[in-house]
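Chemist: Quick one: the structure is below, questions incoming.
The values are calculated or read from the model by the stated rules, or taken from the named source; none is laboratory data. Because the structure is a prediction, the values reported are computed rather than measured. Ideal geometry is used to build each Cβ from the backbone, glycine not excepted, and the neighbour counts take in all protein chains shown. The protein model used for the area step is the full one, side chains on, heavy atoms only, and it has no ligands, DNA or RNA in it. Shrake-Rupley method; radii C 1.70, N 1.55, O 1.52, S 1.80 Å.
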Amino acid sequence: MQTIADRIRHIPAVSEPLSADVFIIEGDARYYVFDAGASEAAYEAIAALNKPVTVILSHFHRDHIANLSRLAPDQILAGARTMKYIAGGTLVDKPLTIRDGVTIEVQPCVSPHAPGSLIITVDSLYTFIGDLIYARPGTGQGEAKGMLRVLKSLQTQVFVPSHWTGNPLVEKAVLLKEVKENFQI
Ligand SMILES: [Zn+2]
């Protein structure tokens, strides 16, 4: 468990079993968990939270949602495609702002990685993007252009991708440059 900011904890991604990074944001009344992960460490950290929990899912891939099968969060926020893989979620199909001591902006974002992806911005400082920018080489150029427009338009200067090697806090300029190079746009 690592700390990104006072109210943000990070359970890093692992490869066995494949499990995405999990971020736990503490609000005054609730905890907000960005991706449930698939690892035991992520499960235990979420299960131990002592306030009501809202899980926000970036997308439907197993390494981001598997722990939901043994957790009982009282709220799950998900994009349209992800809703097909889970029980009892609330659809987010337009931007949504949560104010609970922290401000969390949840927004759908086009992605070359997975349709119906969600990203979240915390206190206008960090935008958590899950696997948003990843795609197989040579695919997803159209979606990548739309995604780049959205990411550029955000005020945030720090982006936080999942499965990133090294420090997961990536400067906006560095991330956008990587996206442009990868998709040749
Ligand atoms: Zn994925």
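Chemist: Sort out which residues of segment 156-177 are modelled with pLDDT under 95 and over 17 Å from the mean Cα position of the chain (by Cα), and write them in order of number.
Modeler: Selection gives Gly166 alone.
Chemist: So, restricting to helices (runs of 4 or more DSSP H) that lie completely within segment 76-185, which ones have at least 1 residues that are touching a Lys or Arg at 6+ places or on another chain (Cβ under 9 Å)?
Modeler: Details: elements: 80-83, 141-153, 172-183.
So the answer is 141-153, 172-183.
Chemist: Looking only at segment 107-116, decide whether some residue is open to solvent by less than 20 Å² (accessible area, probe 1.4 Å) and more than 16 Å from the ligand (Cβ to nearest atom).
Modeler: no
Chemist: Related question: Out of Lys145, Lys177, report the one residue that is touching a residue at least 40 places away in the same chain (Cβ under 8 Å), charged (D, E, K, R) and surrounded by fewer than 16 Cβ atoms within 10 Å (Cβ to Cβ). Outline the logic, then answer.
Modeler: Details: Lys177 fails: touching a residue at least 40 places away in the same chain (Cβ under 8 Å).
Answer to the selection: Lys145.
Chemist: Those residues that are modelled with pLDDT of 95 or more and of a type in the set (S, T, N, Q), I need them from segment 138-154; list them, please.
Modeler: Correct list: Ser153 only.
Chemist: Can you name the residue in segment 55-73 that is over 13 Å from the mean Cα position of the chain (by Cα) and closer than 27 Å to Val110 by Cα and, of all such residues, is least open to solvent (accessible area, probe 1.4 Å)?
Modeler: Step one: of segment 55-73, the residues over 13 Å from the mean Cα position of the chain (by Cα) are 62, 66-73.
Now drop any that are not closer than 27 Å to Val110 by Cα, which leaves 62, 66-69, 73.
On the way: Arg62: 166, Ala66: 22, Asn67: 3, Leu68: 26, Ser69: 107, Pro73: 29 Å².
Looking at the filtered set, the residue picked out is Asn67.
Chemist: Among the candidates Asp131, Asp123, Asp93, single out the residue that is surrounded by fewer than 20 Cβ atoms within 10 Å (Cβ to Cβ), closer than 22 Å to Pro12 by Cβ, among the charged types (D, E, K, R) and in contact with a strand residue (DSSP E or B) (Cβ under 8 Å, 6 or more places away or on another chain). Break it down stepwise before answering.
Modeler: Working: Asp131 fails: surrounded by fewer than 20 Cβ atoms within 10 Å (Cβ to Cβ); Asp93 fails: closer than 22 Å to Pro12 by Cβ.
None of the other options fit; the residue is Asp123.
Chemist: Can I ask one more? In segment 1-45, how many are part of a loop (DSSP other than H, G, I, E, B), farther than 17 Å from Val122 by Cα and open to solvent by less than 30 Å² (accessible area, probe 1.4 Å)? Talk me through it step by step, then tell me what you get.
Modeler: Kept after step one, since they are part of a loop (DSSP other than H, G, I, E, B), are these residues of segment 1-45: 1, 6-7, 12-13, 16-17, 20-21, 27-30, 35-39.
Imposing the further condition that a residue be farther than 17 Å from Val122 by Cα reduces the set to 1, 12-13, 16-17, 20, 36-39.
Going one step further and asking which of them are open to solvent by less than 30 Å² (accessible area, probe 1.4 Å), we end up with 20, 36-39.
Within segment 1-45, residues that are part of a loop (DSSP other than H, G, I, E, B), farther than 17 Å from Val122 by Cα and open to solvent by less than 30 Å² (accessible area, probe 1.4 Å) number 5.
Chemist: Further question: Based on this model, can you work out whether Thr127 counts as among the hydroxyl-bearing types (Ser, Thr, Tyr) and either within 22 Å of Gly79 (Cβ to Cβ) or touching a Leu at 6+ places or on another chain (Cβ under 9 Å) (or both)? Can you show your working first?
Modeler: Working: among the hydroxyl-bearing types (Ser, Thr, Tyr): yes; either within 22 Å of Gly79 (Cβ to Cβ) or touching a Leu at 6+ places or on another chain (Cβ under 9 Å) (or both): yes.
Taking the combined requirement at face value, the residue satisfies it.
Chemist: Another one. Specify the residue that is nearest to the ligand (Cβ to nearest atom); the eligible residues are those in segment 96-106 that are open to solvent by 10 Å² or more (accessible area, probe 1.4 Å) and in contact (Cβ under 8 Å) with a residue 24 or more places away in the chain. Give the steps one after another, and end with the answer.
Modeler: Taking segment 96-106 and keeping what is open to solvent by 10 Å² or more (accessible area, probe 1.4 Å), we get 96-101, 103, 105.
Checking the rest, the ones that are also in contact (Cβ under 8 Å) with a residue 24 or more places away in the chain come to 98, 100-101.
Values: Ile98: 24, Asp100: 27, Gly101: 30 Å.
The qualifying residue nearest to the ligand (Cβ to nearest atom) is Ile98.
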